[in-house]
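Have a look at the structure below, then the notes.
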Amino acid sequence: MLPFVANIKVSSRTLTGALSVQNRSAADWGWQGLVAQGCRSLVLIIDPRTAQTVQVLERHKADVVKVKWARENYHHNIGSPYSLRLASIQEHSKPIQDMEWLWSQDATRDLLLAVHPPNYIVLWNADTGTKLWKKSYAENILSFSFDPFDPSNLALLTSEGIVFISDFSPSKAPFSSGKKVYISSPYSSPVHSKPAAATGAKKALNKVKVLITNEKPSAESVTLNDCLQLSYMPSKRNHMLLLYPREILILDLEVNQTVGVVAIERTGVPFIQVIPCRQRDALFCLHENGCITLRVRRSTCALSEESEQNVQDLAYDLRCQCDAIRVTKTVRPYSMACCPVGENSAALFISDGRVMLWEVKSGTAPLHASHSSGVSPLFSPASFCGTPLGLQQKRILDLSLDNMIGGANINPLKSPLQQEVHLKFLLTGLLSGLPLPPFVIRMCPPLTTKNMNHYRSLLAVGTSNGSVLIYILTSGMLFKELSVHSCEVKGIEWATLTSFVSFATSSPNNLGLVRNELQLVDLPTGRSTAFRGERGNDEPPIEMIKISHLKQYLAVAFKDKPLELWDVRTGTLLREMVKNFPSVTALEWSPTHNLKSLRKKQLAAREAIARQTVSETEIGTIESSIISLLQEAQSKSELSQNISAREHFVFTDTDGQVYHFTVEGTSVKDGARIPPDGSMGSITCIVWKGDVLVLGDVDGNLNFWDLKGRLTRGIPTHRGPIKRTRFAPGKGNQKMLVMYSDGADVWDTKEVQMVSSLRSGRNVHYRLLDADWCTSDKLALACDDGCIRVLDISLKSAGFRIDEQDLPDAFWCPYLLLPRVALALKSFLLHQPWGESYTLDVGHIDYAETNLVKSAMQQQINSLSNDVKSTLLDPEFSLVQRCLLVSRYAKTDRLQWCPRGSASTPSGHLDLCYDMLCESSAFQKFQLQRAHLQEVKRSSYDHTKKCADQLLLLGQTDRAVQLLLETSADNEHYYCDSLKACLVTTITSSGPSQSTIKLVATNMIANGKLAEGVQLLCLIDKAADACRYLQTYAKWTRAAWLAKVRLDFAECSEVLKRWVDHLCSPQVNQKSKAVLVLLSLGSFSRVVEMLHSMRYFDRAALFLEACLKYGVLNAQQLMNAVFADYARMLKTLGLMQGAILFASRAGEAASELLNDLMAITKDSPSASTGALQTPRLAEAP
């Protein structure tokens, strides 16, 4: 029989409860897949896939107001390993308002921008704690938002308006004070004056014309304080959203005009927060009733140049919503966070500590689904992970948002594989916190050799609402929540490992009487039995209950009522003391009893009876040992019900006199009385273990009694009244917990000295409500901040390592592995060219690591979902698809693989969120739609002028002339605009006119008229020259935009390649972005060269593999260098089979490496199979 090993390892941890108001915005979902949440002064780390709290961080002394994960969507290697970095801010007299990690440049990932009150932005090096620079502004800064398309653009939301910064740089503080604009109130729209009709949102949009102005609004208008949130739109450039309680306004920053409104009806629920998506033009919206809605932008029909009726506002249709919560005074939604990688999951944080994890799921719409509401249908994409779907190919439907619904620029009628889909929210996880304090705690009986086969470390928590929560401390998970009482629970005592007795008292009436509730609860069934029957109404409150050591008897002490003694096993009242019985201030049962002697006597008697009933012949055939075992088993079951052992208890009265009583069966006998000690005040608590009895009083004195040596010793603690004392479990363990109103101490009663101390206000910021021992060296402290902390005997921080926990469910997080192991895991999942089939078993490869490391890697692989496993094992799954799937699911290097997979394979258009990387045709179409929408929304001469200039650059001369001719005669620009209209209309392509216009354009550019000169060059089809001038004057983004909309592919490529050189310069250092630009141009050889020069060896090799597979690249010398370095990297990671394969494909560049690898593998029999397969596999591409 195998020995049973009980898991009794209780790690230091913290069980958290309700949030404070300051925690409202303290939540963030990281790129590595973990969720961080501020709870009081703590930071919770949650795994959303398994809905588990994997860690609680304790360093703050005040409530946490903001948390922010560092972005991890960049290349990782041994020098830049995977890391879990989290920034958090605590409440202060002047707390930091907002913060964000910088992500734009490749030099360092440790820069953190923070808003310091009242009007400073400060750039910190988070790794060293160094302040790099500081910049002040005129107004108080509330929050900020970076432009995801241009990191030099930063928008500050201030108390009066918005400050746009266009020269942000990590190297130095912004030189200018930014462009300050004011926001007119949106509340003049008819949405707030009358119920909106079916087209109410469009009418409101037409009325809200001028939203951003350079003039300060009048005093009677609503200020910007009503604006809840400001954020750039990551799905399209130069768009921003402003969140108001009843409206979401979409702004086009090129014309500073509202181009979209998401309005709520008068009876609708106001907004709290909105999170814009990147993969699709969609919005996650949180409402005041806890409902999360997903709104997707309505697809527009094809634009007709002859009709303006086809120009549509940006409308966002409600596609799905989750269930609302029940909102009360103490329960309300605080915030939400969205998964930044998949953008298909959201976490809702509620004030009572609950975290609801919602996931968006897609399903096939009915065949005859109606769209009478005007909502356009959604279609599934035609590709999966960057490659067109095969007819029988597996795919994960809900991997990410862009994998569920197709982009707006794709015609769903072109592909038969696309289906109409509908979206819905599904609750995938729920985490509950502790209720509001106060509460009491009690640990279950300790582990012994008799109960170790079924022992669980259970902690009972009695709450103020009458429920009792049972937690498993080895994992920190809630085991059961039992609604036992109707009022506040005052105390809990365990009767067995599976049952407990709890009492609660109601609020006193005018006479000071209460309703007492004493319940016996059975955990397996949840059955609750009223222990005192009909007793309990209108009587003095119960002050304490104590169960004897053998769990036979229960003592119930009241405030102004005699003591009651009950039989726990039968639930009968043994004795109610006389009326003149002294008031009990403290009571404790003795650990000594006569159970062993009683059992010996009864076993002897039963053995004699058994021998008399068995004949002499039978005795000879039956082994005496078997008889004794049967007798012992039978007698033990009867003894547990019939034997009533003698037990003792002591208590003290208000004068400090100690009374001794003996209880045996129904007999209760009075024993000795010990007069009070003159040095002690009123006794508040007694504990008794072995030969040591300790008394504590209201003055903070401890009196140690050595019963065997008949000695006493009094020690003053000078800590105020002693509220509770408890001995640690375990034979011979004489450690004792002493709890005060301002903290706790741990004493060694054998040496009569203090071991450790905890004091509120000195080393902790919380106060204690209750305390108990969990194990022989761990304590549980119930704190007034709503948390329960499990500390070791030193009473130090309750922080714990993630790998120290016994979590019920394994969770996927390669970041927890050693850096070399995590990189090896990524390489193993991405590509396995050495085998005939793909495998997910680490034991099937030659991996030069210890069994412990292999086991840790295999555990991570086993935690993958079944969908991901089956997809990875699909033989039709290509390398590009596998790379994108692993990066999406493993949260590694995602942004690099999305465009790469799409651009290097015939998968159609890229989505508009890639902006300049999109194909020119799709980019031009989007810019024309945007220009026509801007034209419809113009409301002033400045807006009209901007629209005309934009149309000239786009080549829409006829529409530009119409706008120029609209200038009124009393306008100071009337003459210039009229002449400009004539010039645009009469321009010819003859040589002299072109020379003159080019000369004028050059002079204008030289004299500071860059925009006007560029327009003239575009009029004579010299857009390439215009792009060169723009780049000369450092307008790189504008030059790239102009090249995409006006130049053919060859000329556009030249412009963009010069942009690449600029991005690679040391001053800019955005090589990762430069790689994507080259990729969009199809310059695959330069992509490989740049990746190799950046020492991204794995990325370069895998991209080269994909290019070789599709036949778009053939550079033998480059291939040899890339594969040689990749083989060295695989050797460093311990993946010998892969290293041998790529070294063999690198030719002479890795000949020495190949010889070394072959020599190493000769000593490794597990690698011989892979080595023999190398020559055949080397010829594959």
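Give me the net charge for the shell around residue 120: Cβ to Cβ below 10 angstrom, other residues only, Lys and Arg +1, Asp and Glu -1.
+2
What net charge do the residues around residue 407 carry, taking every other residue with its C-beta under 11 Å from that of residue 407, with Lys and Arg at +1 and Asp and Glu at -1?
The answer is -1.
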- prompt: Hey, which aspartates and glutamates would be in cross-link range of residue 61, C-alpha to C-alpha under 13 Å, not counting anything within fewer than 8 residues on its own chain?
  reply: 91, 785
- request: Using θ = phi - 60° and the Karplus relation 6.51 cos²θ - 1.76 cosθ + 1.60, list the HN-Hα couplings for the stretch 764-780 in order, rounded to whole Hz, with x at every Gly or Pro.
  value: 9, 9, 10, 10, 8, 9, 7, 7, 7, 7, 8, 9, 5, 9, 10, 10, 10
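With every protein chain left in place, what is the accessible area per residue of the stretch 694-817 in square angstrom, probe 1.4 Å? Could the numbers behind the result be given before it?
Values: 5270 Å² over 124 residues.
Per residue, the stretch 694-817 has an accessible area of 43 Å².
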- prompt: residue 826: which aspartates and glutamates have alpha carbons under 16 Å from its alpha carbon, excluding same-chain residues fewer than 8 sequence positions away?
  reply: 72, 841, 846, 849, 893, 1098
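Computing the accessible area with a 1.4 Å probe over protein heavy atoms, can you report the carbon and sulfur percentage for the stretch 516-590?
45 percent
With a 1.4 Å probe and all protein chains left in place, how much of the accessible area of the stretch 1-147 comes from carbon and sulfur atoms, in whole percent?
The nonpolar share, carbon plus sulfur, comes to 51 percent.
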- request: Compute the accessible area per residue over the stretch 1105-1166, keeping the other protein chains in place, probe 1.4 Å, unit Å².
  value: 46 Å²
message: Distance cut-off 31 Å, Cα to Cα: go down the list 579/731; 66/946; 551/796; 424/1109; 424/1073; 180/945 and report the pairs above it.
response: 579/731; 66/946; 551/796; 424/1109; 424/1073
task: Give 480/735; 561/669; 937/1022; 546/669 a once-over and call out the pairs whose C-alpha atoms are over 26 Å from each other.
output: 480/735; 937/1022
query: Can you pull the percent of the stretch 956-1013's accessible area that's carbon plus sulfur, 1.4 Å probe, other chains left in place?
result: 58 percent
statement: Between residue 419 and residue 454, Cβ-based FRET efficiency (R0 41 Å, step 0.05) works out to 0.20
- prompt: So what is the accessible area of the stretch 40-102 per residue, in Å², with the probe set to 1.4 Å?
  reply: 39 Å²
field: Chain lengthening between residue 172 and residue 986 when straightened (0.36 nm per residue, less Cα-Cα)
entry: 288.2 nm
message: Given the whole protein assembly as supplied and a 1.4 Å probe, what does the accessible area of residue 836 come to in Å², nearest 10?
response: 150 Å²
- line: Among GluC sites (Glu not before Pro) in the stretch 494-561, those in a DSSP loop whose Cβ has at most 14 other Cβ atoms within 10 Å are 534
field: Relative packing of peptides 1058-1064, 378-384, 726-732 - highest average C-beta neighbours within 10 Å first
entry: 378-384, 1058-1064, 726-732
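The values are calculated or read from the model by the stated rules, or taken from the named source; none is laboratory data. This is a predicted model, so every value here is computed, not measured. FYI the Cβ positions are ideal-geometry reconstructions off the backbone, even for glycines, and counts take in every protein chain you see. Ligands, DNA and RNA are excluded from the accessible area calculation, which covers all protein heavy atoms including side chains. Shrake-Rupley method; radii C 1.70, N 1.55, O 1.52, S 1.80 Å.
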